[in-house]
Each structure stands twice: as structure tokens, then as C-alpha cells.
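Visitor: Here it is, the structure in full.
Quick note: the coordinates plus some simple rules give every number you see, no bench work behind them. Bear in mind that the values here come from a model prediction, so they are computed numbers and not experimental data. Note that each Cβ is placed from the backbone with ideal geometry, even for glycine, and that neighbours are counted across all protein chains shown.
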Amino acid sequence: MIPPTSGPAAWPDKTFDGYTLLMEACAGREPIVTAIAEPCDHASLTGAIEAARAGLIRPILVGPVAKIRAVAEQEELDLDSYDLVDAPHGRGAAARAVELVRAGEAEVLMKGSLHSDELLAEVVNGTTGLRTERRISHCFAMDVPTYPKPLFVTDAAVNVAPDLRAKRDICQNAIDLARSVGIAQPKVAILAAVETVNPDMPATVDAACLCKMADRGQITGGLLDGPLALDNAISPEAARTKGIVSEVAGQADILLVPDLEAGNILAKQLTFLTRADAAGIVLGARVPIALTSRADNLRTRLASCALAMLLAHDRRAKIVAPRE
């Protein structure tokens with residue numbers, strides 16, 4: 001077999017454990033009060049309790065109290081140390097959890113066993129929700145065994161076919177997340193099928209526009225380049241082979257995908273083919289939203305809580321910082 005000249009074998013040896021680094025970044029920080037909408041199954045209730053034990057959150061368990069207690073009894077979990085708020089199943093629990101955030105009683109919102117669309121419908125409600133001037137978007141923070149640093153993928157869960165305005169917010173949300181976890185100037189690769197602008201391929205035109213928007217200060221805090229094909233975004237060898245001279249190509253921190261289908265496929269490929277860890281979070285709302293999947297394991301749920309905790313502390317710092 002001919003040895004590969006690009007791809008995983010050509011990348012530097014990985015020298016970090018993303019999960020450990022994330023937990024170390026949270027060490028010594030105050031746990032964040034978190035409203036958890038309907039933690040009514042094993043995974044969501046156990047995840048909330050373990051996150052509390054790890055010092056990441058102070059949970060408020062919102063949902064049908066009798067059902068929450070029944071799950072706790074089955075799992076032999078002691079709920080005496082935690083606040084419970086009774087609310088109807090599904091949208092009712094989501095609405096009550098959002099209400100707690102709006103009232104200032106919680107700084108993070110977390111999905112329990114209800115469906116994501118039930119929770120997000122309450123988040124985006126124009127009257128009682130948590131919207132800001134930003135578009136709400138989802139970001140995966142991924143620890144990929146074959147990539148030498150953390151990798152963020154956005155948007156793979158919320159915006160189906162974002163236009164240029166939405167992509168601007170998706171990009172800024174991801175930059176803000178990366179900066180909150182310690183990446184001073186995240187490198188954003190705006191993905192398409194090719195690395196040149198082609199008017200017949202709207203993703204390439206959007207990529208070029210986003211780069212110019214960054215030049216004009218409409219996107220701040222990161223380095224942008226695009227369009228870039230995936231290989232050019234993450235492989236230095238592939239970028240050199242195609243003659244791409246860029247501070248981003250081959251070393252991206254953030255992969256901004258053209259649409260949800262591309263992002264969802266990419267994130268799941270990384271998860272199932274490379275055994276990447278993936279913590280999911282929703283950005284652009286008044287508070288961070290830990291949007292875990294029902295299939296997520298405990299490690300992933302704790303990582304999502306850790307991301308939300310770091311974002312909440314970063315938000316606190318910005319609120320209290322003196323204006324220049």
C-alpha cells in the first residue's frame with residue numbers, strides 16, 4: 001500500500017485531550033444555575049445530577065415532578081439537594097424553563113427528554129422567548145482524534161438553509177464561543193465544494209461575501225477564509241498542493257457549513273467514523289442553551305454543560321466590564 005501524503009497520517013500527532021482541557025477550564029468557577037426542561041428519562045436526569053456533582057451547574061429540574069421523582073427512584077438518585085418546578089409535559093416544561101431564565105432565576109437553559117423543536121419553539125417565541133438581535137444557531141465543539149486541535153462545526157442542527165444574513169450571525173456566534181473557551185483569534189473556514197468563487201454555486205458566493213464582511217468589521221474576532229473545500233480547510237498538505245496561501249487553510253478552528261444537511265452529515269461522520277466527541281450548544285439567545293441529544297452519553301452531556309458554563313461566565317464578565 002502506498003503511504004498517504006495527506007489526511008490523518010500527515011497531521012501532527014495529537015497532544016491534547018479536549019474533554020480534559022474543557023473540564024480544567026471550568027475548575028474553580030462558580031456553578032451556573034441551569035433550568036433543565038423535562039429531565040424525565042435516565043440520560044437527561046443522570047446527566048443533570050452528574051453535572052451538578054462535577055461542579056458545573058446548579059440544576060432546577062422543570063417538568064412533571066411526579067415523573068421526575070419516579071425516574072430518580074428508579075435510578076436511585078437523591079433529589080433532596082435540588083430545586084424542582086412542576087410543569088406540564090413537553091412545551092409546558094419548555095415554557096416554564098424559559099420563564100425562569102427570563103426572570104433571572106437561571107443563567108443557562110438545558111434540554112431534557114423533550115424534543116428539540118419543543119424547546120426551541122419557546123426560545124424563539126417573539127413575546128415570551130429568549131431572542132436577541134442575533135440569529136439563533138447551533139455549534140458542535142468536537143474533539144476529533146485525527147485532528148490536532150479542537151474543531152467547531154456550525155450550523156448542523158437549527159438553520160436549514162441559511163441566507164447570507166443568517167450565515168453572518170452563525171459565524172459570529174461560533175467565533176464568540178471559540179473565544180470564550182480560550183481561542184484568541186479563531187480561524188474560520190467557510191466550506192463549499194470548491195475553493196474558487198463560482199456564481200452557479202451560491203455557497204461560494206456567500207463565502208466570499210462573508211470574508212469581505214469581516215474585512216469591513218461586520219464580523220469580528222476571527223480570521224475568515226473561503227470558499228474552501230473540506231480538505232483545504234483541515235489539511236495543510238492539501239492546501240499546499242492546491243497553492244492556497246492563507247492563514248486559515250489547513251488549520252481551521254471553525255468549519256462553517258453551507259447548510260444544515262452538509263453540517264449534520266459532517267458532524268455525524270466525524271462522530272461515528274473517527275469516534276469524535278461532540279458537545280452541542282445553541283448560541284445567539286439571551287443565555288447559552290445546552291442542546292443535548294437523547295443518544296448522547298454522559299461524557300458528551302457534561303461537555304455541553306461545561307461549554308454552557310464557560311459561556312455564562314464570559315457573559316457575566318461582559319456585563320460587569322466597564323465601558324470604554
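Visitor: Using the C-alpha gyration tensor of segment 208-310, what are the square roots of 5 times its eigenvalues, in whole angstrom, with the largest one first?
Guide: Those come to 28, 19, 12 Å.
Visitor: In addition: Calculate one ³J(HN,Hα) per residue across segment 20-35 by plugging θ = phi - 60° into the Karplus curve 6.51 cos²θ - 1.76 cosθ + 1.60, and present them in order as whole Hz with x for glycine and proline.
Guide: Working through the residues one at a time gives 5, 4, 5, 5, 5, 5, 8, 4, x, 8, 6, x, 9, 5, 10, 8 Hz.
Visitor: If you line up the long axis of helix 42-53 against the longest principal axis of the chain, both from Cα atoms, how many degrees apart are they, to the nearest 10?
Guide: 90
Visitor: Which of rounded, prolate or oblate describes segment 58-153 when judged by the alpha-carbon gyration tensor and an a/c cut-off of 1.5?
Guide: oblate
Visitor: Moving on to the next point. Give me the dipole magnitude in Debye, nearest 20, for segment 135-283 about the Cα centre, with unit charges on the beta carbon: positive for Lys and Arg, negative for Asp and Glu.
Guide: Here the size comes out at about 220 debye.
Visitor: Note down the magnitude of the dipole of segment 128-190 about its Cα centre, charges +1 on Lys and Arg C-beta and -1 on Asp and Glu C-beta and zero elsewhere, to the nearest 20 debye.
Guide: My answer is approximately 140 debye.
Visitor: With N denoting the number of residues in segment 169-232, provide Rg(C-alpha) divided by 2.2 N^0.38 Å, to two decimal places.
Guide: 1.11
Visitor: Would you work out the charge dipole size for segment 72-175 about its Cα centre, treating the Cβ of every Lys and Arg as +1 and the Cβ of every Asp and Glu as -1, and quote it to the nearest 20 debye?
Guide: 980
Visitor: What fraction of the DSSP beta bridges in the chain is antiparallel, stated in percent and rounded to the nearest 5?
Guide: 30
Visitor: Another question, then. If you count, for each residue, the other Cβ atoms within 10 Å and average over each peptide, how do 272-283, 158-169, 108-119 line up from highest to lowest?
Guide: The densest-packed peptide leads the list: 108-119, 272-283, 158-169.
Visitor: So what's the angle, to the nearest 10 degrees on a 0 to 90 scale, between helix 202-215 and the longest Cα principal axis of the chain?
Guide: Between helix and principal axis, roughly 80 degrees.
Visitor: Then there's this: Need one number: % antiparallel among DSSP beta bridges in segment 135-283, to the nearest 5.
Guide: Within segment 135-283, antiparallel bridges account for around 50 percent of the total.
Visitor: Of 111/212; 212/268; 167/318; 67/318; 167/242; 268/318, which sit over 28 Å apart, Cα to Cα?
Guide: 111/212; 212/268; 67/318; 268/318
Visitor: Separate question: How would you classify segment 135-283 from its alpha-carbon gyration tensor, with a ≥ b ≥ c the square roots of the eigenvalues: rounded for a/c under 1.5, else prolate if a/b is greater than b/c, otherwise oblate?
Guide: rounded
Visitor: Further question on the same structure: What's the exposure ranking of 38, 73, 122, going from fewest to most Cβ atoms within 10 Å?
Guide: In order of increasing Cβ crowding within 10 Å: 73, 122, 38.
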